[in-house]
Amino acid sequence: MPDIESLLKEKRVFKPAPEFTRQANWNKKTIDEYRKLAARSPERFWAKMAKENVSWFSPWKKVLDWKPPFAKWFVGGKLNVAYNCLDRHLEGEHAWRRNKAAIIWEGEPGDSRVLTYGELHREVCKFANVLKGLGVKKGDRVCLYMPMVPELAIAMLACARIGAPHSIVFGGFSAEALRDRINDAEAKVVITADGGYRKGAGFALKPAVDEALDGCACVTDVVVVERIQNGTPMQSGRDHYWHELMKDASATCAPAKLDAEHPLFILYTSGTTGNPKGILHTTGGYLTHVTTTFKAIFDIKDEDVYWCTADIGWVTGHSYVVYGPLANGATTMMYEGVPTHPGPDRWWSLIAKWGVSIFYTAPTAIRTFIRLGDDLPKAHDLSSLRLLGSVGEPINPEAWMWYHRVIGKKKCPIVDTWWQTETGGIMITPLPGAVATTPGSATLPFPGIDAAIYDEEGNEVPPGAGGLLVVRKPWPGMLRGIWGDPERYKKTYWGTFKNTYLAGDGAHRDKKGYFWIMGRVDDVMNVSGHRIGTMEVESALVSHPNVAEAAVVGRPDDITGTAIVAFVTPTGGTDAGAALNQTLRGHVTKEIGAIARPAEIRFTDALPKTRSGKIMRRLLRDIASDKESTGDTSTLEDFSVLAQLRESEED
Ligand code: 7RM
């Protein structure tokens, strides 16, 4: 990993400003105390957090039941996530929040909606009754395939209210990808929309659901939010409009008293095989983790307007657009469309318009804006900002400095937060009132998180050395399994080191103990902060009749972090030209979605393989990024393949 060298030279240190520290939710003293407590007993620390930050119907009997690799947190405790996100802000000392904005939503065309806690509670109760009316019972799975509209958050909370785990499928996924996920989770009901707005035009979403449901026997009903009014075909008996079902729904719905380990959601994420994994999260531990981290890391106050730009279809949207902010009674903003419509300054105008004070986004977006120039943000009043966050991939020091200087005007702390779909919430992060930051480092583990870096033998590496990022103790937000596949769960995350969670990222630690995350070490690519398995794209490619064999690798890209490069061997007699190239890109889009479409396809007669027939991806990665292969090629079966591949570059 040559990048380690350049990153390690990064020496700039930004200390928390005293004015920030003075007002921080967690000041230095609190954090010292918490770190001490958590070091002695993570369980006692998390129990304290669960008590302080979450409301329970009945207390737990045991904080942690750890039978590696299966954890149960707050055993015997009863609670409800929707109650924590809504009802408790309408009662007691916080009753005034009834008329506080819970969600500020803006559509791409410029329409907007502000839902107060009182209104959101009402909508959620009504939709929970709608779900019940459709026969959804506690434990039944509900699939959400929606654009970024308030109804998405309402549907999530309604599911949580009645104990029906949701499985959200990002609206950019294709009908095929949706079908696989509906079937894997055996969802009973699908919530969708006729479409949404993107790049200045309406796009249809419902036809993908119709196509997906062609191969799904488990789904009985589809609820359709009318967003773009495109008169989408409705199947009578199966499809219902949201607004029609809501018309007569009662606004009274008691929150189900759910077990702390009751499933809250499944979220599919890419792994090293072609099949995405259904990551399972449960109720009490997850809520404790996201509520606590949100309060401490984003320093949320009642006066703040918080905006996380992630789509709710990814875990960042689950934990830090919806559950973390609402459980804290915060105002959370949602924006429907692309950052560049109607102009490339839309995001900055949104910050100025709504007075956003806390802003959480991804390095790929920051790099895009750097390229668009400083004039765009400078033309808007960004003085409401007081804290910035980054997530999704390593942030390069140049992007960090630009974010600090041009967006934060050198006065906003930046929290570079490392975590994963599997971890549920943030794991490694600065605490803005207490931890000095250095561009490119996510700094230190959150209290109660025992992160370390191991070599291949499972020994902790010395400072400065690279290795594998692991977590040595269970934590409340950790995944509870892979839906329907306990063996894969054991093998993927716990099969390398004894009783230790393997994150799949390479990292190293500097002399201060700060963590520097270097990116994936497995066959997972991180494209614009989104995880895509090389195998997924390969399976999509080989499912096309003109493809004999395919190998997919990532190539470093200035904007998206990684660009997808596919090496394809066409079947005999196929003309490997521009037409096939276009066809295959379209094919991958259809099978998975546009996010997985290769940036480049190279045709070749053969792929480099070992004598045992394994594709040598390391070589392909070098070729894709135009690097000399310096590594060992002694196991390569046919050397002429290499020369040929180097010549396969597109014009
Ligand atoms: C939250 C999220 C997880 C993968 C993870 C890393 C990478 C995320 C950072 C980061 C360096 C960060 N969930 N990653 N955050 N790398 N610094 N602050 O992104 O499941 O979709 O992806 O993303 O490789 O393993 S995710």
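To put it simply, the accessible area of the range 500-586 at a 1.4 Å probe is 52 percent carbon and sulfur. Along the axis of the charge dipole computed for the chain (Cβ charges of +1 for Lys and Arg, -1 for Asp and Glu, origin at the Cα centre), the listed residues Leu350, Ala310, Ile426 are led at the positive end by Ile426. The antiparallel fraction among DSSP beta bridges confined to the range 349-480 stands at about 50%. Relative to the Cα centre, the charge distribution of the chain, modelled as +1 at Lys and Arg Cβ and -1 at Asp and Glu Cβ, gives a dipole magnitude of about 2720 debye. Note that the range 72-115 presents 37 Å² accessible area per residue, ligands and nucleic acids not counted, probe 1.4 Å. In the range 182-265 the Cα-Cα distances spread across 10 Å bins starting at 0 as 15, 37, 33, 14, 1 percent of all pairs. Its Cα gyration tensor gives the range 241-284 an equivalent ellipsoid; the semi-axes, largest first and in whole Å, are 32, 19, 4.
The ellipsoid equivalent to the alpha-carbon distribution of the range 1-146 has semi-axes of 35, 26, 21 angstrom, derived from the gyration tensor eigenvalues as √(5λ) and listed largest first.
For the range 143-148, the Karplus equation 6.51 cos²θ - 1.76 cosθ + 1.60, evaluated at θ = phi - 60°, returns couplings of 9, 10, 10, 9, x, 7 Hz by residue, with Gly and Pro reported as x. For the range 400-453, the set of trypsin sites (Lys or Arg not before Pro) satisfying both a DSSP loop assignment and a count of at most 13 other C-beta atoms within 10 Å is given as Lys409, Lys410, Lys411. Could you compute the FRET efficiency for Glu186 and Tyr241, with r as their C-beta to C-beta distance and R0 at 22 Å, rounded to 0.05? Between Glu186 and Tyr241 the formula returns 0.35.
Per residue, the accessible area of the range 475-517 comes to 39 Å², computed with a 1.4 Å probe over protein heavy atoms only. FRET efficiency for Arg98 and Arg646, Cβ-Cβ distance as r, R0 = 60 Å, nearest 0.05? With R0 = 60 Å, the Cβ-Cβ based efficiency is 0.35.
In the chain, helical runs assigned H by DSSP with n ≥ 4 each contribute -39500 (n - 2.57); averaged across all residues and rounded to the nearest 500, the mean residue ellipticity at 222 nm is -8500 deg cm²/dmol. In this structure the amide hydrogen of Tyr241, modeled in the peptide plane, comes within under 5 Å of the amide hydrogens of Val224, none closer than 5 places in sequence on its chain.
Cross-link reach is defined here as a Cα-Cα straight distance under 15 Å, omitting same-chain residues fewer than 8 places apart; for Lys257 the aspartates and glutamates meeting it are Asp87. Think of the range 447-489 as having a plus end and a minus end, set by charges on the Cβ of Lys, Arg, Asp and Glu; of Gly464, Tyr454, Trp483, Trp483 sits farthest toward the positive end of this dipole. For the range 52-152, the Cβ-based charge dipole about the Cα centre amounts to some 680 debye (Lys, Arg positive; Asp, Glu negative; other atoms uncharged).
Measuring with a 1.4 Å probe in the full set of protein chains, what accessible area per residue, in whole Å², belongs to the range 200-253?
With the other protein chains kept in place, the range 200-253 gives 50 Å² per residue.
Atom-type composition of the exposed protein surface of the range 134-271 places 47 percent of the accessible area on carbon and sulfur (1.4 angstrom probe). Remark: the range 458-499 carries a charge dipole of roughly 120 debye about the Cα centre, counting +1 on each Lys and Arg Cβ and -1 on each Asp and Glu Cβ.
Surface composition of the range 27-132: carbon plus sulfur atoms hold 51% of the accessible area, using a 1.4 angstrom probe and ignoring ligands, DNA and RNA. What percent antiparallel are the DSSP beta bridges of the range 182-289, to the nearest 5? That works out to approximately 55 percent antiparallel.
Each of Ser528, Tyr501, Val547 was placed along the dipole of the chain (beta-carbon charges, centred on the mean Cα), and the one lying farthest toward the positive end is Tyr501.
Close amide H pairs (under 5 Å, H built 1.01 Å from N) link Ser390 with Thr361, Val415, Asp416, Thr417, residues at least 5 positions away or on another chain.
Phi angles of the range 333-345 translate, via the Karplus equation with coefficients 6.51, -1.76, 1.60 and θ = phi - 60°, into HN-Hα couplings of 9, 10, 10, 6, x, 8, x, 10, 10, x, x, x, 10 Hz per residue; Gly and Pro are given as x. Which trypsin sites (Lys or Arg not before Pro) in the range 212-293 sit in a loop by DSSP (not H, G, I, E or B) and have at most 15 other Cβ atoms within 10 Å of their own Cβ? Sparse-neighbourhood loop trypsin sites (Lys or Arg not before Pro): Arg238, Lys257.
From the alpha carbon gyration tensor of the chain, can you work out the equivalent ellipsoid semi-axes (sqrt of 5 times each eigenvalue) and give them in Å, largest to smallest?
Calculated on Cα positions only, the semi-axes equal 37, 31, 25 Å.
Cysteine residues of the chain whose Cβ has no partner cysteine Cβ closer than 4.7 Å: Cys85, Cys143, Cys159, Cys216, Cys218, Cys308, Cys412. In the chain, the DSSP beta bridges split such that about 65 percent are antiparallel, to the nearest 5.
The values are calculated or read from the model by the stated rules, or taken from the named source; none is laboratory data. These numbers come from a predicted model, not from an experiment. FYI the Cβ positions are ideal-geometry reconstructions off the backbone, even for glycines, and counts take in every protein chain you see. Accessible surface areas use protein heavy atoms only, side chains included; no ligands, DNA or RNA. Shrake-Rupley method; radii C 1.70, N 1.55, O 1.52, S 1.80 Å.
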